[in-house]
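First comes the structure, then the notes that go with it.
The values are calculated or read from the model by the stated rules, or taken from the named source; none is laboratory data. Since we're looking at a predicted model, the values are computed, not measured. Cβ coordinates were reconstructed from backbone atoms using ideal geometry, including for glycine residues, and neighbour counts include every protein chain displayed. Accessible surface is based on the protein model in full, side chains and every heavy atom, while ligands, DNA and RNA are left aside. Shrake-Rupley method; radii C 1.70, N 1.55, O 1.52, S 1.80 Å.
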Amino acid sequence: MSYVPPHLRNSAAGKTTTTPTINSKGAEHFSSKHTSRIPSLEKSSNGYSNSARRSSINYSLPNTVAVPDPTFPHWKPSERVLRLKSEQIEEIRLRLNVDVNVSPGSCPAPSPIESFPDMCLDASIMKDIEKHGYTAPTSIQAQAMPVALSGRDLLGCAETGSGKTAAFSIPMIQHCLAQQPLQRGDGPLALVLAPTRELAQQIEKEVTAFSMSLDSFKTAIVVGGTNISEQRSELRAGVHIVVATPGRLIDHLQQGNTSLSRIAFVVLDEADRMLDMGFEPQIREVMRNLPVKHQTLLFSATMPAEIEALAQDYLTNPVRIKVGKVSSPTANVSQILEKVPENDKIDRLLDLLVEEAAQAEKSGHPFPLTIVFVERKTKCDEVAEALTQQGLLATALHGGRSQNEREAALRDFRHGPINILVATDVASRGLDVTGVAHVINLDLPKTMEDYVHRIGRTGRAGSTGRATSFYTDRDMYLVAQIRRAIADIGSGNDVTIAMGKTARRKEREAAAAEKEAWSELSKLSLVGSTVNVEDKYRHMIAPSMIKKEGAADDAWDD
């Protein structure tokens, strides 16, 4: 179904969709199950009623131009991979630390493939893989690429820095090569939605890198903060792949600059972040208006209930892939928590980084790439200026800077001369800079989830890193969570972290209850070595608490 701008929907006619069956290989899995939730349409004298138009129901324009059906060629890996036995496949997954699940009654997931030649990719793509310097697939690539190449829907969850961009980019390019040629004005053949400009730019760069050897292969990046007329020209000329942020894509669809009529390969990247940023209505608007036959890949660093609901609505019998410990502070990042009064934070930061600069100079090594996270845009500029005055090479990255300024800041940080990036949470996800050695939380974030993503900027792709976090009394609830997570990692246990809107609401409620408990404890009259505590607060008292006046305050300051 082609996308119909709201102002044209009045004259549109509904169209009934069908659900193809699943074949023995699982390739024909396409579904229009979201149409089962569409209410009946009431006709008015001028077309459909206003209430129907407001519901963003899937409409289609009269067929004036024939749209070729998408091609989903039967893919198979090398004979060596096809000969693998089930116990060998499980052994490979165990070695790769990959967990794979399929819905009951679905075909088994394709085997993981540990070499690119065994994936039987197009020769041009293989040439660019070698040029890109890839020698062997990462864990997520080894399992996700065969799933995507086989035509199955995929729900992927992997640690940051795991190589998931290539895991969907390469199969997406392979898919585009199997389609009928683009004509001028054709909509894209594949679509990637991402939460931020920075991540979209990074994805588009990777897609371009793996399609360099392909003649006339076109990609377009559609994001806010840049010239919309240039994007309009690119889209109208016809492109194979669009990488977009949801809001700007909807703008172009409403203006008639592009169409969804030929899209058959869709990727939702960092889906949890898109939902956090309020993009769920735009995501659902796009997904409702896709052609019936399409393949969907959803990648998320976390799996809250909202992501599960999205997957339930728009993925058909997805293969679920989980790599490593997801949504937890990685074991290869050493984490330091340091209590610093609010007014002393910048001075302590300066001392820390000036000392590191001196040590680097003494050892003859370059200053380690460092990201400093702060809470507000104004403070971001203030800290960057203070570091610069100390002779350190720093720049600021936040939403208040123009797109050109943000791109320049990232370029200088990636390639020099800047080695300290002071940023708000705009850089906490999707920012992939090779060699970041140190992440400093000048201000801790509000949630454990955001903390995990911040420190995930270091220790990427198997390397080690450091994370230093300054905290005050107001951060004690999060600090307690971090300490528990660090202890769990040290003992080899899995880390369970609250995720999603529902989980965060429970976190806030628990934090409020804890604050109330400490308030009640501070009012208690302590007599001798015993403490009279109401039952509902008894869990707050540790056995090791000092049994004299002031015990509660001492415990809180720990």
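Quick notes on this one:
- Restricting attention to segment 369-393, the residues that are assigned to a strand (DSSP E or B) and open to solvent by 50 Å² or more (accessible area, probe 1.4 Å) add up to 0.
- Among residues of segment 410-422, those that are surrounded by 15 or more Cβ atoms within 10 Å (Cβ to Cβ) and either of a type in the set (Phe, Trp, Tyr) or modelled with pLDDT of 90 or more (or both), counted: 7
- In the set SER162, SER211, SER150, only one residue is modelled with pLDDT under 95 and over 22 Å from LEU249 (Cα atoms); that residue is SER162.
- All conditions but one from (1) open to solvent by 20 Å² or more (accessible area, probe 1.4 Å); (2) over 25 Å from LEU315 (Cβ atoms) apply to ASN257; the one that does not is (1).
- Any hit, segment 124-140, residues being among the polar types (S, T, N, Q), under 14 Å from ALA166 (Cα atoms) and in a loop (DSSP other than H, G, I, E, B): yes
- Tabulated pairs, segment 205-224, first assigned to a loop (DSSP other than H, G, I, E, B), second acidic (Asp, Glu), C-beta under 7 angstrom, 6+ apart or interchain: PHE210/ASP128; SER211/ASP128; MET212/ASP128; SER213/ASP128
- Residue match in segment 394-409 (condition: among the hydrophobic types (A, V, I, L, M, F, W, C) and either in contact with a Gly (Cβ under 8 Å, 6 or more places away or on another chain) or surrounded by fewer than 14 Cβ atoms within 10 Å (Cβ to Cβ) (or both)): no
- One residue alone among ALA357, ALA409, ALA386 is within 29 Å of GLY225 (Cβ to Cβ) and more than 26 Å from the chain's Cα centre (by Cα), and that residue is ALA386.
- Residues satisfying the stated conditions in segment 311-334, i.e. under 24 Å from TYR451 (Cβ atoms), at pLDDT 85 or above and open to solvent by less than 20 Å² (accessible area, probe 1.4 Å): VAL323, VAL333
- Among the residues of segment 353-368, those identified as buried (at least 17 other Cβ atoms within 10 Å of the Cβ) and assigned to a helix (DSSP H, G or I) are LEU353, GLU356, ALA357.
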